[in-house]
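Chemist: Below you'll find the structure I mean.
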Amino acid sequence: MGSFSIWHWIIVLAIVLLLFGRGKIPELMGDVAKGIKSFKKGMSDEDENQTASNGQPTTTKTVDHKADEVK
């Protein structure tokens, strides 16, 4: 029940490399980084849209044009 030895980690690393291959892991990490950057950009864009230049939150209204039509 002690900690893992270096041989345990070498075996785990060898299995991971066999399953994913050498080129797949950096590709996967690149995709994760792109996703994080996109998420951060989306969050900052949302924050900029919610606050006006005077610091007051802006309100947005959505209008349903179909409700205005006469039947």
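Chemist: Taking region 20-41 as the region of interest, how many residues are among the aliphatic types (A, V, I, L, M) and part of a loop (DSSP other than H, G, I, E, B)?
Modeler: Summing the residues that are among the aliphatic types (A, V, I, L, M) and part of a loop (DSSP other than H, G, I, E, B) in region 20-41 gives 0.
Chemist: Please go through region 18-31 and pick out each residue that is of a type in the set (A, V, I, L, M) and open to solvent by less than 70 Å² (accessible area, probe 1.4 Å).
Modeler: The first filter runs over region 18-31 and keeps only residues of a type in the set (A, V, I, L, M), leaving 18-19, 25, 28-29.
Scanning region 18-31 gives a single hit, Ile25.
Chemist: Of the residues that sit in region 32-57 and are of a type in the set (Gly, Ala, Ser) and modelled with pLDDT of 70 or more, which one is most open to solvent (accessible area, probe 1.4 Å)?
Modeler: As a first pass, look at region 32-57 and keep what is of a type in the set (Gly, Ala, Ser): 33, 35, 38, 42, 44, 52-53, 55.
Checking which are modelled with pLDDT of 70 or more leaves us with 33, 35, 38, 42, 44.
Details: Ala33: 44, Gly35: 40, Ser38: 76, Gly42: 37, Ser44: 50 Å².
Restricting to residues being of a type in the set (Gly, Ala, Ser) and modelled with pLDDT of 70 or more, the top hit is Ser38.
The values are calculated or read from the model by the stated rules, or taken from the named source; none is laboratory data. Remember, it's a predicted structure, so these values are computed and weren't measured experimentally. We work out accessible area using only protein heavy atoms, side chains counted, and drop any ligands, DNA or RNA first. Shrake-Rupley method; radii C 1.70, N 1.55, O 1.52, S 1.80 Å.
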